[in-house]
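Below: one structure, written as structure tokens.
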Amino acid sequence: MKKFLIYFFTFWALSLVAIVSIAGFRGGLSRKPPLEVFPDMDRQPKLRPQTKAAFAGFGDGLSSRLHVAGTVSREAAREAGDFATGKNADGSWVDAVPVPVTRELVQRGRERYGIYCAPCHGVAGDGNGVTTKFGMAAVAKLHDERLIKMADGEIFNTISNGKNLMLPYSDKLDPNDRWAVISYVRALQLSRLGKKEEIPDAVRTALK
Ligand code: HEC
């Protein structure tokens, strides 16, 4: 009996300690930092949004960064209007590039064309890009009469949504870049259609 009482009170005392230590101080406030057995990711070298950044690398002291230039917004692809779809309000194709075709636009198009189109369509648009050597079949020749006569909006649609073997490029080219590429494709086509009389005098005399 005596032994039983010793066991009982020992068990009772230990239970009390256990209950108090597990549940006893819940909700209690303390200014002391908790014991850290596993710090996990409590302290991270990160910047909170909309705060001042001590990180000198950014220069301007802002923790929230602007998009990298050339970032393609997925929302923009869902925008309506001829600029974003290549279609007029009545559903017909936009006839011509709906933004001013400047030298900068064509040059931007030339650069993007070299990156995204030339591998298949060839640098000059003859449909003989490097991928044709690796089995890419029946790549369209951009100098075909059908494509010369095609509305700019329909080409815009091909770039945006792809066609048969050609994948869509809307995730890589924002609408403005697509129009830029089209203006360059038109320049490529014109380079074979131009007449001698259209060349400025100064340049023509230099040509043989
Ligand atoms: C991976 C290879 C590949 C790339 C890259 C590619 N194309 Fe194509 N493109 C094709 C193939 C293949 C076709 C023929 C599709 C078909 O069967 O009608 C085609 C067709 C076309 C057509 C004709 C569509 C029609 O209505 O017949 C145009 C215009 C065109 N591509 C423009 C572009 C432009 C501009 C780019 C760059 C943004 C580009 N392509 C990038 C493979 C490619």
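The values are calculated or read from the model by the stated rules, or taken from the named source; none is laboratory data. Here the structure is a predicted model, which is why all the values come from computation and not from measurement. Note that each Cβ is placed from the backbone with ideal geometry, even for glycine, and that neighbours are counted across all protein chains shown. SASA here: full protein model, heavy atoms, side chains in, ligands and nucleic acids out. Shrake-Rupley method; radii C 1.70, N 1.55, O 1.52, S 1.80 Å.
What the table shows:
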{"item": "Mean ellipticity per residue at 222 nm, deg cm²/dmol - from DSSP H runs of n ≥ 4 across the chain, formula -39500 (n - 2.57)", "result": "-12500 deg cm²/dmol"}
{"item": "Cα shape, segment 60-120, gyration tensor, a/c 1.5 rule", "result": "oblate"}
{"item": "Mean separation of Cα contacts under 8 Å, 6 or more apart, over the residue count of segment 70-208: relative contact order %", "result": "30 percent"}
{"item": "Packing-based ranking, highest mean first, of 126-139, 100-113, 8-21 given that Cβ atoms within 10 Å are counted", "result": "100-113, 126-139, 8-21"}
{"item": "Under-5 Å amide H pairs with LYS87, H placed in peptide plane, nonlocal only", "result": "VAL94"}
{"item": "Residues of the chain: accessible area per residue with a 1.4 Å probe, Å²", "result": "78 Å²"}
{"item": "In segment 18-102, trypsin sites (Lys or Arg not before Pro) in a DSSP loop with at most 14 other beta-carbon atoms within 10 Å", "result": "ARG26, ARG31, ARG43, LYS46, ARG65"}
{"item": "Cα-only Debye scattering, the chain: base-10 log of I(q)/I(0) at q = 0.09, 0.10, 0.13, 0.14 Å⁻¹", "result": "-0.59, -0.66, -0.89, -0.97"}
{"item": "Reach of LYS46 by Cα under 20 Å, taken over aspartates and glutamates that are not fewer than 8 positions away in the same chain", "result": "ASP60"}
{"item": "Relative contact order of segment 1-123, pairs being alpha-carbon contacts under 8 Å that are 6 or more residues apart, as %", "result": "8 percent"}
{"item": "Using alpha-carbon coordinates, inclination of helix 103-116 to the longest axis of the chain, degrees", "result": "70 degrees"}
{"item": "Cα gyration tensor shape for segment 114-208, rounded if a/c is under 1.5, else prolate or oblate", "result": "prolate"}
{"item": "By average C-beta atoms within 10 angstrom, highest first, the peptides 149-156, 173-180", "result": "173-180, 149-156"}
{"item": "Amide N of segment 28-43 lying under 16 Å from the label point, which is placed 7 angstrom from the Cα of ALA54 along Cα→Cβ", "result": "43"}
{"item": "The chain - percent of accessible surface contributed by carbon and sulfur, probe 1.4 Å", "result": "61 percent"}
{"item": "Cut-off under 5 Å, modelled amide H: who pairs with LEU62 long-range", "result": "ALA53"}
{"item": "Segment 104-193: Lys pairs at Cα distance under 17 angstrom, eight or more positions apart or on different chains", "result": "4"}
{"item": "Backbone HN-Hα couplings from phi across segment 86-99 [Karplus 6.51/-1.76/1.60, Hz, Gly and Pro as x]", "result": "x, 10, 6, 4, 7, x, 7, 6, 5, 6, 9, 2, x, 10"}
{"item": "Positive minus negative residues near PHE58 (Lys, Arg vs Asp, Glu; Cβ under 15 Å)", "result": "+3"}
